[in-house]
Amino acid sequence: MPDRTDVRDEPAARAGAAEETGGPAEPGGTHDTGEQEQHGGADRPPQDGQDTQTRQHVPADQPGQAEQPSGAPAAVYTHGHHESVLRSHTWRTAANSAAYLLGELRPGMTVLDVGCGPGTITADLARLVAPGRVTGIDAAPGILDRARSVAAERGLKTVDFIVADISDLPFPDDSFDVVHAHQVLQHVGDPVGALREMRRVCRPGGVVAARDSDYAAMTWYPGSPALDAWLDLYRRVARGNGGEPDAGRRLLSWARQAGFTDITASASTWCYATEEDRAWWSGLWADRTVDSSYARLAVDGGHAREEELRRIARAWREWSTSPDGWFAVLHGEILCRTAG
Ligand SMILES: C[S@@+](CC[C@H](N)C(=O)[O-])C[C@H]1O[C@@H](n2cnc3c(N)ncnc32)[C@H](O)[C@@H]1O
């Protein structure tokens with residue numbers, strides 16, 4: 001089972017620096033967790049232990065309006081990094097979350113893992129391409145300490161983590177053989193712009209890979225009106241934050257809009273249907289629903305009252321007790337080859 005060490009909850013991993021409620025940023029603003037920093041970019045990939053600060057896009061002529069280079073509004077990262085969220089993120093491996101990419105990887109390749117979170121997938125990728133170097137970036141500085149610990153525990157010397165935003169990657173053109181993002185595009189305000197930026201830093205003949213869940217396509221048994229309410233609520237909160245919770249089905253379309261022409265689109269699932277898996281999955285969602293930045297955003301955004309959140313959390317726990325319980329999470333996937 002995953003390690004349960006908490007990382008400070010970081011609701012504001014976002015492009016730019018909007019307030020936690022999705023409101024405008026202070027001019028040049030940092031937010032109240034201190035996690036969002038002003039950042040200028042590096043002009044080359046980082047060396048070991050070198051931390052590159054991330055850029056912030058607050059146009060001088062519009063104080064208080066955070067936006068991305070494309071002009072699209074910045075999004076708020078819905079989940080944050082509460083312990084209940086990290087229970088899920090730290091369970092992830094290259095095998096259970098990036099199988100569609102594994103056939104592309106070769107020793108010696110360089111990989112950028114965008115929105116790497118606690119870095120368990122990043123660390124697996126590092127082992128697969130060693131001695132090639134892997135760089136993980138994330139907009140939330142605190143979670144990168146966790147990622148560095150994961151890499152250190154595994155004795156990895158070929159992986160670096162730096163703070164950066166997907167909308168403005170601090171690397172020169174053509175820097176990496178593979179540029180990967182798992183469960184990130186659903187959280188950004190301009191996923192097409194993000195894919196263009198991922199392509200920019202990918203070398204000609206390289207691969208840009210993304211996988212995202214599709215909330216509307218999640219399905220389960222037995223049915224429960226309160227779990228229907230959970231899904232409806234999550235999708236409203238995520239959209240209110242500027243994201244697209246039904247991203248999986250859109251990845252191919254976004255990649256085409258970003259200008260990719262050689263795209264392999266696929267789908268894969270996570271499925272929880274044993275007593276242990278049901279308890280884990282429902283427990284992390286029950287806890288997340290009442291005690292995480294998602295819960296706070298749901299209430300502060302006027303999407304739900306606390307008693308509604310408690311009702312949904314109870315429904316998750318009740319659902320998990322059914323020996324018939326089965327839950328499937330559908331994901332869309334894209335492998336985009338850059339012109340050689
Ligand atoms: C759902 S988590 C996925 C983490 C990791 N890829 C995984 O699957 O375990 C999404 C991550 O993207 C990061 N993120 C959100 N918006 C971002 C942005 N604009 N630029 C870079 N990272 C971002 C969040 O801080 C978070 O760690």
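The values are calculated or read from the model by the stated rules, or taken from the named source; none is laboratory data. This structure is a prediction, so every number in the text was calculated from the model and none was measured. Heads up, the Cβs are rebuilt from the backbone with ideal geometry, glycines too, and the neighbour counts pull from every protein chain shown.
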Among the residues of region 288-340, what is the count of those that are assigned to a helix (DSSP H, G or I) and not aliphatic (A, V, I, L, M)? 17
Here the residues within region 114-168 that are in a strand (DSSP E or B), in contact with a helix residue (DSSP H, G or I) (Cβ under 7 Å, 6 or more places away or on another chain), near the ligand (Cβ under 8 Å from one of its atoms) and among the aliphatic types (A, V, I, L, M) are VAL114
In the list ARG256, ARG310, which residue meets the criterion of being surrounded by fewer than 16 Cβ atoms within 10 Å (Cβ to Cβ) and at pLDDT 95 or above? ARG310
Options THR110, THR90, THR120; residue that is at negative phi and modelled with pLDDT under 95: THR90
Total residues in region 92-111, condition within 16 Å of the ligand (Cβ to nearest atom), surrounded by fewer than 18 Cβ atoms within 10 Å (Cβ to Cβ) and assigned to a loop (DSSP other than H, G, I, E, B): 1
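Here is a yes/no grid of residues against (1) touching a residue at least 24 places away in the same chain (Cβ under 8 Å); (2) surrounded by fewer than 24 Cβ atoms within 10 Å (Cβ to Cβ); (3) of a type in the set (S, T, N, Q); (4) out of contact with any strand residue (DSSP E or B) (no Cβ under 9 Å at 6 or more places or on another chain):
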site: VAL159; (1), (2), (3), (4): yes, no, no, no
site: ASP165; (1), (2), (3), (4): yes, no, no, no
site: SER175; (1), (2), (3), (4): yes, yes, yes, no
site: HIS180; (1), (2), (3), (4): yes, no, no, no
site: VAL188; (1), (2), (3), (4): yes, no, no, no
site: PRO191; (1), (2), (3), (4): yes, no, no, no
site: LEU195; (1), (2), (3), (4): yes, no, no, no
site: VAL201; (1), (2), (3), (4): yes, yes, no, no
Just give me the residues in region 49-87 being under 27 Å from VAL207 (Cβ atoms) and modelled with pLDDT under 60, in sequence order. GLN50, ASP51, THR52, THR54, ARG55
Every residue from region 218-246 that is within 22 Å of GLY189 (Cα to Cα) and in contact with a Ser or Thr (Cβ under 7 Å, 6 or more places away or on another chain): VAL237, ALA238, ASN241, GLY243
Pairs with Cβ under 9 Å, 6+ apart, first in region 70-86 and over 16 Å from ILE143 (Cα atoms) and more than 9 Å from the ligand (Cβ to nearest atom), second assigned to a strand (DSSP E or B) and modelled with pLDDT under 85: PRO73/GLU67
